[in-house]
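Below is one structure, written out as C-alpha cells; comments come after it.
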Amino acid sequence: MLDIRIERTTTPKEKPADETKLGFGHIFTDHMFVMNYDTGEGWHDPRIVPFGDISLSPATCCLHYGQEIFEGLKAYRTADGTVQLFRPDENFKRMNISAERMVIPPFDEEFMVEATKTLVKLEEDWVPHTDGASLYIRPFIFATDDYVGVCPADHYLFMIILSPSGAYYSTGLDPVKIYVEQKYVRTVRGGTGFAKTAANYAISLKGQDEAHNQDYEQVLWLDGVEQKYIEEVGSMNIFFVIDGEVVTPQLTGSVLSGITRKSAIEICRKQGYKVTERKISIEEVSKAYDDGKLDEVFGTGTAAVISPVGHLKWGDKIMIINDNKIGKVSQMLYDTLTGIQWGKIEDEFGWIVKL
Ligand SMILES: *Cc1c(COP(=O)(O)O)cnc(C)c1O
C-alpha cells in the first residue's frame, strides 16, 4: 500500500459554533486528500494537505468535456463519541464502476477506504455532535490535462473534501412534493445513468429549476426511451409500497445503484417484507393509487436517508399518498438505517466501519 504523506495546516479554522445552522455543502474542514495520476506512473503521491484552492489551466480538459466522477458518504458520531462510516467500501466500489464508464483509470478501493479513514481521523473534531448532523465526505476524480481536445486524459486528480452538514430534517420527516417529469429525461439506454458523474447532474438542472418554480422539491424521472417506466428522483432512488409489497425499479443501467437503496432492500427482506426489483410504469402507480393500494412512496439516498413522498403529480393528476404522512415501512427504514449509522442500534449486517 502507498504511504500517505500528511502536511498539517498551521492556521486551523474556527469550527462552527452553532451546529443547527450548518446547512449543507458550504463549510469545509482544515485538510483535504489529494492524489495524482499520470499515464506511465499510475496513481501516486497520496497526501493530506491543508484545504485550499488549486491552480488549473483554463485549458483543463475536464472544464470543457466533463470527464469527472464523484461519491458521497458520511461520518457519524455515536453517543460514546467515537466516529464511524457506513459501507465506505461500497462507495469506492461504485466509484470504480463510474471510472470505467468515464474512461478514468481504476484505483485501489481498499487503499481509498484507508485514506478516507486517515483523513476523517485527522479531522475527527469536525464531526458534528448534534443529533442528525454528520460530516459529509466527497471523494472526486477529474481530468487535468491542459489540452482542449476530446480524448481520455493522461492526468487526473483524486481529491476528498469534508463538509460538516446539518440534520436533513429539522422538524421531523416532512413528506416531499414531487412531479413526474414528462418533458426532459435524465439519461438513456447506453448512457451514463449508472455512473456518478457530473454530466448526469448538469442535465437534470433544467427540470429541477422548473420544478422549483412550480413549488415542487424534485422531479421523478421516467426512462429516456419510452418515458413510461419510473427510474429515480434527483439524487435518490425511489420505492413504492403497493398492497403491502415493496417495489423499486430494477437496475437497468440508467438508474444509479444507491447504497441506501441496496441497504433498504436488505433491511426490508430481513423484516419479512416481499421486495421486488422490476420495471414499474407510472400508469401502474397511478392505477394502484386509484385502487387504494398505493400505501407508501419514498426516496432513498445518503443525504436524506429516507424521504417520504406525500404529494405526487402526474400530468393533471395529483396523488396524495398516505394522507401526506410518513408510512410504516418508511419509518421503519429510517429508524433502522439512522439507528445503525449513529450507533444507536446493533449493526447485524456488518455495515459499520469504525475509524
Ligand atoms: C448518489 C445518488 C443516489 C443515491 O445513492 P446513495 O448511495 O444511496 O447515496 C441516487 N441517485 C443518484 C442519481 C445519485 O447520484
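The values are calculated or read from the model by the stated rules, or taken from the named source; none is laboratory data. Because the structure is predicted, anything quoted here is derived from the model rather than measured. So basically every Cβ, Gly included, is an ideal-geometry build from the backbone, and we count neighbours across all protein chains shown. With ligands, DNA and RNA removed, areas are computed over all heavy atoms of the protein, side chains included. Shrake-Rupley method; radii C 1.70, N 1.55, O 1.52, S 1.80 Å.
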### Task
For the range 95-218, divide the Cα radius of gyration by the Kirkwood radius and give the resulting Rg/Rh value with two decimals.
1.03
### Message
Contact order normalised by length for the chain, with contacts defined as Cα pairs under 8 Å and 6 or more residues apart; what percent is it?
### Response
18
### Query
Where does the range 20-137 land on Rg(C-alpha)/(2.2 N^0.38 Å)?
1.17
### Query
What translational D, rounded to a whole number of µm²/s, comes out for the chain from Stokes-Einstein when the hydrodynamic radius is the Kirkwood one over Cα pairs, at 10 °C and 1.306 mPa s?
74
### Query
How much accessible surface area, in Å² rounded to 10, belongs to the heavy atoms of residue 314 with a 1.4 Å probe?
60
### Task
For 229, 179, 168, write out the residues from largest to smallest accessible area, computed with a 1.4 angstrom probe and no ligands counted.
168, 229, 179
#### Entry: Debye intensity ratio I(q)/I(0), log10, the range 69-153, q values 0.23, 0.24, 0.26 Å⁻¹ (C-alpha model)
-1.08, -1.14, -1.26
### Query
Which of 93/344; 196/274; 21/121; 177/328; 274/313 have a Cα-Cα distance over 22 Å?
93/344; 196/274; 21/121; 274/313
### Task
Determine which aspartates and glutamates satisfy two conditions relative to residue 317: a Cα distance under 15 Å, and not lying fewer than 8 residues away in the same chain.
181, 283, 284, 290, 291
### Summary
So the carbon and sulfur contribution to the accessible area of the chain, 1.4 Å probe, in percent, is 50
#### Entry: Alpha carbon Rg of the range 284-339, scaled by the compact-globule rule 2.2 N^0.38 Å
1.19
### Query
If you count the DSSP beta bridges with both ends in the chain, what percent of them are antiparallel, to the nearest 5?
80
### Query
With θ set to phi - 60° and the Karplus curve 6.51 cos²θ - 1.76 cosθ + 1.60, what are the ³J(HN,Hα) couplings of the range 128-138 in order, to the nearest whole Hz, using x for Gly and Pro?
x, 9, 6, 4, x, 8, 8, 9, 7, 10, 10
## Note on the structure
Result for the range 204-355: accessible area per residue, probe 1.4 angstrom, in square angstrom, of 43
### Query
Accessible surface of residue 108 in the full protein assembly, 1.4 angstrom probe, to the nearest 10 Å²?
80
### Query
When you take every Cα atom in the range 146-288, what is the radius of gyration, and what is Dmax, the widest Cα pair distance, in Å?
17.5, 56
### Task
Please calculate the 1.4 Å probe accessible area of residue 209, with all protein chains present, and give it to the nearest 10 Å².
80
## Note on the structure
Result for the range 81-175: accessible area per residue, probe 1.4 angstrom, in square angstrom, of 39
### For the range 207-355, the Rg and Dmax computed from alpha carbons only, in angstrom
15.4, 50
#### Entry: Modelled label reach - residue 266, point 7 Å along Cα→Cβ, the range 69-101 residues with backbone N closer than 16 Å
74, 85-94
